[in-house]
Amino acid sequence: MKARSIMIQGTSSDVGKSLICTAFCRVFSNKGLRVVPFKSQNMALNSYVTLDGGEIGRAQGVQAEAARITATTDMNPILLKPKQDMVSEVIVHGKHFLDMNAKSYRSQFVQEAMPIIRKSVEKLQDEYDIIVLEGAGSPAEINLKDRDIANMRMAKLTDAAVILVADIDRGGVFASIIGTLALLDQEERDSVKGIIINKFRGMRELLDDGIEWVEKETGIPVLGVLPYLDVNIEAEDSLALSSLRFKKPKKAEFPIDVAVLRFPRISNFTDVDPFFDEPGVGVRLVSSVHELGNPDLLILPGTKNTMEDLEWLKRMGLDGAIDERRKQGTMIFGICGGFQMLGTKLFDPDAVEGDGENAEGLSLLPVETVFQAEKKTVQMEGLLSAGIMESQMNLSGFEIHLGRTTLKSQVRPFLLLKDGREDGAISNDNQVMGTYLHGIFHNRLFTRLLVNQIRRNKGLDEVKENVQSDSERREEAYNLLASHLEENIDMDTIYQWLQLESAES
């Protein structure tokens with residue numbers, strides 16, 4: 001028997017589709033069902049590397065964890081990563097396919113993508129009981145609907161019951177629901193079986209009249225209202241950056257100041273999420289010298305285009321400001337593209353990053369990078385070099401990058417990898433560090449020791465409380481999400497759609 005399907009679509013981007021899909025994956029897994037996430041085409045700045053080195057959207061990797069299964073590229077066969085204005089890297093089944101502009105993608109590739117997507121769907125249908133599909137953006141973009149392969153076309157392909165999610169936190173929730181449904185054709189509208197109102201703050205009773213009106217107007221039941229929930233699960237949409245800026249503004253109770261450069265093409269920005277959980281640590285995004293201030297730790301994160309973002313950094317005058325902060329004692333930490341920028345030279349002989357020109361780096365680490373067409377995507381593990389912390393430790397994460405970086409003089413690597421390679425570099429005074437290891441700060445003990453090192457340098461007491469592992473935190477978050485969904489949503493109706501036993505069984 002082929003898997004039954006449920007699909008979460010939204011009235012817009014960033015309404016909470018990914019988290020709701022994650023919650024459903026854990027709920028169904030808790031019920032003993034073989035459940036799998038699926039998103040046909042994802043455009044994401046943050047990605048996830050599978051065990052076999054495939055690159056998929058971060059959300060599908062997280063949803064697979066919530067479903068207690070190993071992530072594969074069939075869960076997200078097409079991934080788009082914005083690289084330049086109107087140009088994205090097209091990743092097919094986890095591997096680089098080509099770079100393509102939006103017009104060419106829509107006119108040439110979309111139809112080629114359908115057989116790829118269909119094959120993945122059929123494989124998942126044969127292997128699982130339930131498929132939880134996630135839509136993209138809104139299904140009602142009338143200028144894109146004829147080429148939309150992520151929303152209603154997927155619902156039809158899988159015969160999925162569609163739940164439409166609307167974000168009340170941004171306002172206009174009823175208009176967004178009615179407007180979305182009005183722009184669907186009759187067959188599409190008929191596939192929408194329920195509505196969820198998400199991110200609610202306030203008195204639930206005040207919504208009753210509006211909900212009654214929506215149900216009467218549309219004939220579609222409102223399955224529930226989800227109260228706003230701040231949960232520790234990584235975002236993948238760039239819209240999440242706007243809330244990141246204000247998650248922990250710098251205040252007196254946050255004596256440790258962590259600044260993160262907001263590159264125009266920033267990627268894998270969830271690398272810095274663990275700092276939000278560290279006691280006494282304030283985290284802020286900065287885009288100018290004026291915003292930079294005098295942080296204790298400055299992070300240069302990943303980027304989809306190192307050369308362009310390095311040029312932006314220099315144009316903003318941040319190169320000189322970073323060096324000045326280093327001289328004043330700020331610790332500098334570069335990840336992936338940020339690590340490449342910390343070097344002396346960047347070479348692009350094959351025009352991988354743009355026009356093929358070379359560039360001068362920030363010269364804070366004696367390393368050089370040569371960009372190469374072949375992308376490195378692999379999960380990685382290694383031993384932290386001696387002398388960086390008071391104790392050596394194993395660190396794990398993943399690599400996603402174009403380019404090979406070599407150390408040009410006597411400088412220590414950051415990691416000694418289990419496969420025999422060396423990764424990253426660290427200055428002799430331990431003040432400037434760089435690594436290709438995405439997820440570095442999700443090694444919570446390393447992050448705690450790094451923060452405590454900064455605290456000691458400032459004459460502050462160290463944080464002594466126990467460090468909870470990242471896997472423990474994630475499990476707590478998945479279970480919290482599942483409980484949140486079950487407490488606020490009519491799950492019995494959903495089980496009836498899927499021809500399953502009731503939620504009470």
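Quick notes on this structure:
- Restricting segment 100-136 to residues that are modelled with pLDDT of 95 or more and among the charged types (D, E, K, R) leaves a set whose member that is surrounded by the fewest Cβ atoms within 10 Å (Cβ to Cβ) is Asp126.
- Candidate set: segment 261-275, residues that are assigned to a loop (DSSP other than H, G, I, E, B) and touching a helix residue (DSSP H, G or I) at 6+ places or on another chain (Cβ under 6 Å); chosen: the one most open to solvent (accessible area, probe 1.4 Å): Pro264
- Here Asp348 meets the list (1) at negative phi; (2) crowded, with 18+ Cβ neighbours inside 10 Å; (3) in contact (Cβ under 8 Å) with a residue 60 or more places away in the chain almost entirely, failing just condition (3).
- The criterion of being open to solvent by 20 Å² or more (accessible area, probe 1.4 Å) and among the acidic types (Asp, Glu) does not hold for Glu278.
- Meets criteria (open to solvent by 70 Å² or more (accessible area, probe 1.4 Å) and part of a loop (DSSP other than H, G, I, E, B)) for Glu141: yes
- Test for Glu501: is it out of contact with any Lys or Arg (no Cβ under 7 Å at 6 or more places or on another chain), acidic (Asp, Glu) and surrounded by 12 or more Cβ atoms within 10 Å (Cβ to Cβ): no
- Matching entry among Met393, Met433 (being at pLDDT 90 or above, surrounded by fewer than 16 Cβ atoms within 10 Å (Cβ to Cβ) and in contact with a strand residue (DSSP E or B) (Cβ under 7 Å, 6 or more places away or on another chain)): Met393
- As a summary of the residue check, Gly171 satisfies the conditions (1) under 22 Å from Leu485 (Cα atoms); (2) at pLDDT 95 or above except for the one numbered (2).
- Hits in segment 290-331 (condition: among the hydrophobic types (A, V, I, L, M, F, W, C), surrounded by fewer than 20 Cβ atoms within 10 Å (Cβ to Cβ) and either under 30 Å from Glu465 (Cβ atoms) or over 27 Å from the mean Cα position of the chain (by Cα) (or both)): Ala321
- Among the candidates Asn457, Asn466, Asn428, Asn488, the residue that is open to solvent by 30 Å² or more (accessible area, probe 1.4 Å) and either at pLDDT 95 or above or of a type in the set (D, E, K, R) (or both) is uniquely Asn488.
- Among residues of segment 432-456 that are farther than 18 Å from Arg412 by Cα, those with a Cβ under 6 angstrom from a residue that is open to solvent by 20 Å² or more (accessible area, probe 1.4 Å) and in a helix (DSSP H, G or I), sequence gap 6+ or separate chain, pair up as His442/Asp470; Arg444/Asp470.
- Scanning segment 79-93 for residues that are out of contact with any Pro (no Cβ under 8 Å at 6 or more places or on another chain), without any contact (Cβ under 8 Å) to a residue 60 or more places away in the chain and part of a strand (DSSP E or B) yields a total of 5.
- Residue among Ile177, Ile197 that alone is β-branched (Val, Ile, Thr), part of a strand (DSSP E or B) and under 24 Å from Met491 (Cα atoms): Ile197
- Helices (runs of 4 or more DSSP H) wholly inside segment 276-353 that include at least 3 residues being among the charged types (D, E, K, R): 306-315, 318-327
- Candidates Gly57, Gly32, Gly53 - the one that is at positive phi and modelled with pLDDT under 95: Gly53
- The lone criterion from (1) part of a strand (DSSP E or B); (2) over 23 Å from Met307 (Cβ atoms); (3) more than 27 Å from the chain's Cα centre (by Cα) left unmet by Glu390 is number (1).
- Check on Arg4, of a type outside the set (Val, Ile, Thr) and over 25 Å from Gly397 (Cβ atoms): yes
- Selected residue [in contact with a helix residue (DSSP H, G or I) (Cβ under 8 Å, 6 or more places away or on another chain) and acidic (Asp, Glu)] from Asp350, Asp309, Asp355: Asp309
- When segment 357-382 is limited to residues that are open to solvent by 60 Å² or more (accessible area, probe 1.4 Å) and part of a strand (DSSP E or B), the one that is nearest to Ser469 (Cα to Cα) turns out to be Glu381.
- First in segment 242-266 and more than 23 Å from Gln453 (Cβ to Cβ) and at pLDDT below 90, second anywhere and open to solvent by less than 70 Å² (accessible area, probe 1.4 Å) and not aromatic (Phe, Trp, Tyr), Cβ under 6 Å, 6 or more apart: Arg245/Leu285
- When the residues of segment 4-28 are filtered to those that are of a type outside the set (A, V, I, L, M, F, W, C) and assigned to a helix (DSSP H, G or I), the one that is farthest from Arg474 (Cα to Cα) is Lys17.
- Applying the condition of being among the charged types (D, E, K, R) and within 24 Å of Arg58 (Cβ to Cβ) to segment 207-238 and asking which residue is modelled with the lowest pLDDT yields Asp237.
The values are calculated or read from the model by the stated rules, or taken from the named source; none is laboratory data. Keep in mind the model is a prediction, meaning the values are calculated, not measured. Ideal geometry is used to build each Cβ from the backbone, glycine not excepted, and the neighbour counts take in all protein chains shown. Accessible surface is based on the protein model in full, side chains and every heavy atom, while ligands, DNA and RNA are left aside. Shrake-Rupley method; radii C 1.70, N 1.55, O 1.52, S 1.80 Å.
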